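Every number in this text was worked out from the coordinates using simple rules, so none of it is lab data. Only a predicted model underlies this, so the values are computations on that prediction, with no experimental measurement involved. Using ideal geometry, Cβ is built from the backbone for each residue, glycine included, and neighbour counts are taken over all protein chains shown.
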Amino acid sequence: MLAAFGLLIPNGIFIYFMLMDQQVAKSALTNPISLVFITEAFLLMFLFAWLLRKVGSRRPSGFAFILMSLLGSMVFSVPAALYLMSRSADKDRSSRK
């Protein structure tokens with residue numbers, strides 16, 4: 001549910017303003033405070049992708065996590081990645097039995 005919320009609400013609002021009122025997006029990108037938050041989000045995205053690689057996650061891979069983050073925001077990609085990892089772990093447990 002949280003991943004669907006992240007995909008539709010924050011990302012949907014962002015896409016709406018990028019398409020309908022580009023001046024708002026332009027002013028956000030020139031605002032130093034919003035640039036700090038954007039930079040932080042990108043750094044966290046790369047950190048989480050690195051952590052996925054470090055723990056050996058194949059589903060999702062670090063690259064897939066970056067794609068999910070860029071397409072659907074971190075509010076989408078983090079819950080989706082946790083869900084995919086738990087599903088993958090459940091399949092691994094059931095195949096061992």
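Structure data summary
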| read-out | value |
| --- | --- |
| GNM flexibility winner over the chain from I15, I33, I66 (Cα, springs under 10 Å) | I33 |
| Dipole of the chain, positive end: most advanced residue of F65, L52, G6 [Cβ charges, Cα centre] | L52 |
| Gaussian network model of the chain, springs between alpha carbon atoms under 10 Å - residue of L70, L35, L47 with greatest fluctuation | L35 |
| Degrees, to the nearest 10: 10-20 long Cα axis against longest axis of the chain | 40 degrees |
| Among F76, F46, F17: highest mean-square fluctuation, GNM of the chain, C-alpha pairs under 10 Å | F17 |
| Mean residue ellipticity (222 nm) of the chain, computed from DSSP H runs ≥ 4 via -39,500 (n - 2.57), nearest 500 | -28000 deg cm²/dmol |
| Contour minus Cα-Cα distance for K26 and F14 (0.36 nm per residue) | 3.1 nm |
